[in-house]
1. Hey, could you check the range 188-214 for residues that are of a type in the set (Ser, Thr, Tyr) and farther than 12 Å from Ser235 by Cα and say which is most open to solvent (accessible area, probe 1.4 Å)?
2. Return the total of residues in the range 239-276 being more than 25 Å from Met1 (Cα to Cα) and touching a residue at least 40 places away in the same chain (Cβ under 8 Å).
3. Determine if the range 261-272 includes at least one residue that is surrounded by fewer than 23 Cβ atoms within 10 Å (Cβ to Cβ), among the hydrophobic types (A, V, I, L, M, F, W, C), in a loop (DSSP other than H, G, I, E, B) and out of contact with any Lys or Arg (no Cβ under 8 Å at 6 or more places or on another chain).
4. For the range 25-58, what are the residues that are assigned to a strand (DSSP E or B) and without any contact (Cβ under 8 Å) to a residue 12 or more places away in the chain?
5. Counting only residues that are among the hydrophobic types (A, V, I, L, M, F, W, C) and assigned to a loop (DSSP other than H, G, I, E, B), which one in the range 64-82 is nearest to Tyr194 (Cα to Cα)?
6. Can you name the residue in the range 235-259 that is among the basic types (Lys, Arg) and outside any strand (DSSP E or B) and is also surrounded by the fewest Cβ atoms within 10 Å (Cβ to Cβ) among such residues?
7. Among Asp172, Asp219, which is open to solvent by 50 Å² or more (accessible area, probe 1.4 Å), in a helix (DSSP H, G or I) and farther than 15 Å from Trp64 by Cα?
8. Please specify each residue of the range 65-85 satisfying the condition of being under 21 Å from Asn107 (Cα atoms) and of a type in the set (Val, Ile, Thr).
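The values are calculated or read from the model by the stated rules, or taken from the named source; none is laboratory data. These figures come from a predicted structure and were not determined experimentally. Here the Cβ positions follow ideal geometry from the backbone for every residue, glycine too, while neighbour counts run over all protein chains shown. Note: areas computed on protein heavy atoms with side chains; ligands, DNA, RNA excluded. Shrake-Rupley method; radii C 1.70, N 1.55, O 1.52, S 1.80 Å.
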Amino acid sequence: MALTSISLPSLQKLASGKVRDLFALDDADKLLFVASDRLSAFDVVMKNGIPNKGAILTLASAHWFRVLAERIPGLKTHFIGLDAPAGLTADEARAIRHRSMQVRKLNVIKIEAIVRGYLTGSAWNEYQAKGTVHGLAMPPGMRLSERFPEPIYTPSTKADQGEHDENIHPDDAWREIGDRETARRVQELSLQIYKTAAAYAEERGIIIADTKFEFARDDEGAIYLVDEVLTPDSSRFWPKDGYEVGRDQDSFDKQIVRNWLIKEGLKRREGVEMPRDICEATERRYKEVFVKLTGQDFDEVVKE
């Protein structure tokens, strides 16, 4: 059964996002992130959720935080650990097991740092119409799902819940962030993290077609990778062995839901309930890519 509502009376809830809820901890320098099973598609939260999704996202993110910190010298992340905080009741601790992480309290940089390695999704639609992606000129004659000569940084606004993100030309991202140096560093980090993760994933048979990162700063101005990272919610994952230019690819992410919404004419419609088969298919795909990327069977991990 999908867990779409998180209740922790022992802690103060600070915010509730599309997927995650944020709670205060006794240590003023830490926060508790809890991932629900809610699913957002086209910036709209579905009425029902995907069973086990929150745990998959949390455990996958924890895995990536460790891998990236090992492979990128000097990379800072907000991740502290997966242990439940002190002060919870037994029922509360059981409810958030495998779906919560303690993180550093930081100042969020209000931008969605998107990196694209392949021409697909909304980028393909813009390219067909204008020959550009986020206003950036692309080589002529590219085909659907084709790899870009180099990954490209295509940021968007970080909209509040209920609103929609808007694409930004990379040269204008600093206006959202507040200063040019931070914008430059976010772009640089985003591309470095994507390239590192893409190489790691390809070794495991997965293509990361595109992904979204989020960043934050501490009081001294140091930049940290935060929120979820390289999950089926924030990324477009393709099986490498079935990849073929010129067509849509099979996908280990929520593309199943997106396709269903488009087919049914429900894109950006509020209050949509996904049918059981769509939920089950999405859960299977999330678990499959978890195994491929982490080398761990999800069902075995959560039994521990």
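1. Among those that are of a type in the set (Ser, Thr, Tyr) and farther than 12 Å from Ser235 by Cα, it is Thr196.
2. 7
3. Among the residues of the range 261-272, at least one is surrounded by fewer than 23 Cβ atoms within 10 Å (Cβ to Cβ), among the hydrophobic types (A, V, I, L, M, F, W, C), in a loop (DSSP other than H, G, I, E, B) and out of contact with any Lys or Arg (no Cβ under 8 Å at 6 or more places or on another chain), which makes the answer yes.
4. As a first pass, look at the range 25-58 and keep what is assigned to a strand (DSSP E or B): 30-35, 40-41, 44-45.
Those that are assigned to a strand (DSSP E or B) and without any contact (Cβ under 8 Å) to a residue 12 or more places away in the chain: none in the range 25-58.
5. Among those residues, the one meeting the criterion is Ile72.
6. Arg247
7. Asp172
8. Listed by number, the residues that qualify are Thr77, Ile80.
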